[in-house]
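The values are calculated or read from the model by the stated rules, or taken from the named source; none is laboratory data. In this text, all values refer to a predicted model and were calculated from it rather than measured experimentally. For neighbour counting, all protein chains shown are included, and Cβ atoms are generated from backbone atoms with ideal geometry for every residue, glycine included.
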Amino acid sequence: TKVSHEHSKALLLACKQIVNCLIDHVLNLDGRGGGSSQRLIACLRTLFLFAKIKPQLLVEHAITLQPYLSLKCQTQGDYQIISSVARTLEIIVPLIEHPSDSFLARLEEDSVKLIMRQDPSVILSCVSCLGSVVNNVTRNYKLIRDCLKKYNGCLLYYKKLATEGREDQVEKNRPIIKRSLYIVGLLLRFFDFTDKEVLDSFPESTRDLVFDTLLFYLDQKELKSFTLKAIGSVCIRHYELMLGPELKSLYHEILCDLDASRELKIQVLSNIEQYLQEEERRMIKQDQEWAKLSKQENLKEMGDVSSGMASTVIQLYLKEILEAFLHSDVGVRQAALRVIQLILSQGLVHPVQIVPYLICMSTDEERMVSGSADKQLQEIEKKYPGFIHMKAQTGIRLSYKLQQILQTTLDAVRGFRTKEGELPGALNGFLYSILRTKQQRRALVLSILKQFDEQVKTSLSQMLFLADNMAYFPYQVQDEPLFIIHHIDIMISVTGTNLLQSFREALLPNPNAPAPLIDPNTGISIPIMDEEEDEDEDALLSRVPEDTSTLQ
């Protein structure tokens with residue numbers, strides 16, 4: 001409409017004025033020698049956000065921003081300035097009409113210098129910026145080939161030394177190897193080394209040769225985490241490597257191995273998370289292209305094929321990702337949760353497979369983890385009513401398994417949590433509250449009570465965990481606890497007497513008991529049980545046998 005069009009014009013004008021004002025601030029702050037001041041960082045970060053939303057607003061200011069790439073890094077603030085400028089230029093340079101050769105040459109030169117000298121956060125921003133400039137504007141792939149040749153050559157040199165047994169040289173030059181691993185990984189992420197234009201005189205197998213070199217460095221214990229990071233970067237573009245046997249077995253082993261370090265587990269999960277994030281960005285970009293070229297059906301078909309790849313990759317790793325959550329380290333659990341959230345948001349697998357683990361996550365002691373899991377469960381219940389109830393029992397079993405890992409300081413695993421100034425609450429209380437109908441709640445309670453049946457052989461520790469949960473569930477009406485009490489009463493009347501008799505028979509003989517009476521008809525002794533002694537706790541405890549395994 002005419003009104004909305006006028007509003008958008010006014011908004012655009014306001015944004016343009018804000019951007020111009022921010023650029024003036026940047027120049028004024030720089031003129032005062034406030035090189036790494038927090039205000040300068042804030043201005044540049046805000047400009048980057050504007051560039052993400054409306055890059056055309058900053059196109060005319062690209063030449064103003066470019067000199068900041070040659071800033072001397074002396075403080076942490078300087079690194080942040082360079083990263084913000086590089087990320088902004090990455091977005092706006094491809095939109096500049098007829099940029100000057102000298103501007104582009106300086107941009108490429110500054111980016112390469114920063115890649116060679118600076119820390120990882122700056123390297124990532126600069127390689128990404130270089131990718132945007134070279135892939136979309138200059139096509140100067142010779143520069144990229146030279147970079148790859150330099151850093152991959154470095155990796156090959158130290159690989160040769162390691163195979164010759166000269167480990168001391170590898171040890172001494174570890175910082176150089178780490179930088180080379182990181183840069184090589186990023187170069188294969190931002191440039192397609194399977195494209196003939198990029199390869200030129202390089203062999204067609206360049207990507208595979210580099211990947212084999214990276215796999216070699218996985219055997220170097222001190223470099224394993226850095227190598228995994230590099231492999232993760234490569235796999236963002238070349239997802240098919242994640243489907244290969246080498247990487248599949250490696251990722252599975254790290255995620256499933258209880259002795260694998262937390263650092264390696266987090267890195268593998270981070271690699272999968274990065275892949276999914278990039279895949280999502282690529283799909284959003286592709287959707288925008290479809291909107292422009294919606295009549296070309298072949299594009300739609302192409303998209304359907306590629307969109308199925310993330311789902312194929314995740315199917316291969318889902319079980320291991322979910323199992324990785326059952327870990328004592330909160331960093332590993334948070335990394336696994338982030339991947340699971342992406343899987344659910346992108347709809348890569350049916351959520352019914354993930355529900356039991358979300359139920360388990362909602363019992364986590366870390367509020368951020370349990371809160372996120374609760375939110376996901378709510379959304380699933382809203383979208384697929386009944387799924388939560390269907391997987392509730394499996395979820396409670398996994399909750400107990402997680403609490404066994406987390407509650408190492410307690411003598412027994414308890415099923416409730418306490419907060420200062422509040423009444424205790426069941427660990428699986430949210431699960432109970434999400435089941436809205438009386439039928440679902442009763443079915444859950446009955447399935448828990450069934451675990452107390454002698455034939456099920458539930459451990460005493462697990463029964464205590466379940467009893468705690470039932471004691472502190474957030475009951476809404478009086479009918480709910482009365483229903484449980486009624487069924488417990490039936491259970492006790494059926495199995496209680498037999499259970500009590502089993503305990504009595506297992507007790508050690510009472511040294512103070514009178515001589516047993518003999519039945520004159522059968523000749524069998526009749527045990528005499530002193531009712532008062534049966535009620536005395538100390539007397540009974542003194543007669544409990546050392547081996548109580550038969551009673552548990």
Response to the item:
Considering residues that are in contact with a Ser or Thr (Cβ under 8 Å, 6 or more places away or on another chain), of a type in the set (Gly, Ala, Ser) and at pLDDT 90 or above, the number found within the range 378-414 is 2
Worksheet item: Just one of GLY421, GLY425 is in the same structural domain as LEU358 (by the TED database), within 30 Å of the chain's Cα centre (by Cα) and either at pLDDT 95 or above or not charged (D, E, K, R) (or both); which is it?
Response: GLY425
Discussion item. Given the criteria buried (at least 20 other Cβ atoms within 10 Å of the Cβ), in contact (Cβ under 8 Å) with a residue 40 or more places away in the chain and on the phi < 0 side of the Ramachandran plot, does LEU427 qualify?
Written reply: yes
Worksheet entry | Selection status of ILE284, among the β-branched types (Val, Ile, Thr) and modelled with pLDDT under 95 | yes
Worksheet item: From the residues in the range 448-459 that are touching a residue at least 40 places away in the same chain (Cβ under 8 Å) and part of a helix (DSSP H, G or I), which one is farthest from the chain's Cα centre (by Cα)?
Response: GLU454
Item to complete: Test VAL85 against the criterion of being of a type in the set (Val, Ile, Thr), closer than 13 Å to THR138 by Cα and surrounded by 14 or more Cβ atoms within 10 Å (Cβ to Cβ), and give yes or no.
Response: no
Response to the item:
Over the range 497-527, the set of residues modelled with pLDDT of 75 or more, of a type outside the set (Ser, Thr, Tyr) and either outside any helix (DSSP H, G or I) or within 17 Å of GLN455 (Cβ to Cβ) (or both) is ASN498, LEU499, LEU507, LEU508, PRO509
Discussion item. Residue pairs, Cβ under 6 Å, 6 or more apart or interchain, first in the range 335-353 and over 22 Å from MET390 (Cβ atoms), second among the aromatic types (Phe, Trp, Tyr). List them.
Written reply: ALA336/PHE325
Worksheet item: If you take the residues in the range 139-192 that are among the β-branched types (Val, Ile, Thr) and at pLDDT below 90, which one is surrounded by the most Cβ atoms within 10 Å (Cβ to Cβ)?
Response: VAL170
Worksheet item: Where residues in the range 428-444 are under 16 Å from SER362 (Cβ atoms) and not in a loop (DSSP other than H, G, I, E, B), which of them is farthest from the chain's Cα centre (by Cα)?
Response: LEU444
Practice prompt. Look at LEU209 and say whether it is more than 35 Å from the chain's Cα centre (by Cα), surrounded by fewer than 19 Cβ atoms within 10 Å (Cβ to Cβ) and over 26 Å from SER121 (Cβ atoms).
Written response: no
Worksheet entry | Cβ-Cβ under 6 Å pairs, at least 6 apart or on other chains, the range 477-494 side part of a helix (DSSP H, G or I), far side hydrophobic (A, V, I, L, M, F, W, C) and surrounded by 11 or more Cβ atoms within 10 Å (Cβ to Cβ) | ILE484/VAL445; HIS487/LEU449
Worksheet entry | Pairs, first at positive phi in the range 136-155, second assigned to a helix (DSSP H, G or I) and of a type outside the set (A, V, I, L, M, F, W, C), C-beta under 8 Å, six or more apart | ARG139/GLU197
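Each row is one residue, and each column tells you yes or no for (1) under 30 Å from the mean Cα position of the chain (by Cα); (2) of a type in the set (Ser, Thr, Tyr); (3) closer than 30 Å to LEU326 by Cβ.
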| position | (1), (2), (3) |
| --- | --- |
| LYS149 | no, no, no |
| LEU188 | yes, no, no |
| PHE191 | yes, no, no |
| LYS221 | yes, no, yes |
| ILE236 | yes, no, yes |
| TYR239 | yes, yes, yes |
| PRO245 | yes, no, yes |
| ALA260 | yes, no, yes |
Worksheet item: Taking the range 346-378, which residues are of a type in the set (D, E, K, R) and exposed (fewer than 14 other Cβ atoms within 10 Å of the Cβ)?
Response: ARG367, LYS375
Worksheet item: Can you find even one residue in the range 58-68 that is at pLDDT 90 or above, among the aliphatic types (A, V, I, L, M) and either within 34 Å of the chain's Cα centre (by Cα) or part of a loop (DSSP other than H, G, I, E, B) (or both)?
Response: no
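One line per residue, one yes/no per condition, for (1) surrounded by fewer than 18 Cβ atoms within 10 Å (Cβ to Cβ); (2) of a type outside the set (D, E, K, R); (3) touching a residue at least 60 places away in the same chain (Cβ under 8 Å); (4) part of a helix (DSSP H, G or I):
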| site | (1), (2), (3), (4) |
| --- | --- |
| ILE396 | no, yes, yes, yes |
| GLN404 | yes, yes, no, yes |
| THR409 | yes, yes, no, no |
| LEU446 | yes, yes, no, yes |
Worksheet entry | Members of the range 230-268 found to be in contact with an Asp or Glu (Cβ under 6 Å, 6 or more places away or on another chain) and either free of Cβ contacts under 8 Å to residues at least 12 places away in the same chain or surrounded by 15 or more Cβ atoms within 10 Å (Cβ to Cβ) (or both), listed by number | ILE236, HIS252, LEU255
Worksheet entry | Residue list for the range 354-369, restricted to those being without any contact (Cβ under 8 Å) to a residue 60 or more places away in the chain, over 19 Å from ASP257 (Cα atoms) and assigned to a helix (DSSP H, G or I) | VAL355, PRO356, LEU358, CYS360, MET361, ARG367, MET368, VAL369
Item to complete: Determine which member of the set LEU464, LEU398, LEU446, LEU460 is closer than 22 Å to GLU323 by Cα and either acidic (Asp, Glu) or assigned by the TED database to the domain that holds PHE483 (or both).
Response: LEU398
Worksheet item: Here are some residues: ASP24, ASP78. Which one is among the acidic types (Asp, Glu), within 23 Å of ARG117 (Cα to Cα) and either at pLDDT below 85 or out of contact with any Gly (no Cβ under 6 Å at 6 or more places or on another chain) (or both)?
Response: ASP78
Worksheet item: Could you list, in sequence order, the residues of the range 460-488 that are surrounded by fewer than 13 Cβ atoms within 10 Å (Cβ to Cβ) and under 32 Å from the mean Cα position of the chain (by Cα)?
Response: PRO474
Fill in: Sole exception among (1) modelled with pLDDT under 85; (2) assigned by the TED database to the domain that holds ALA86 for ILE41, by number
(1)
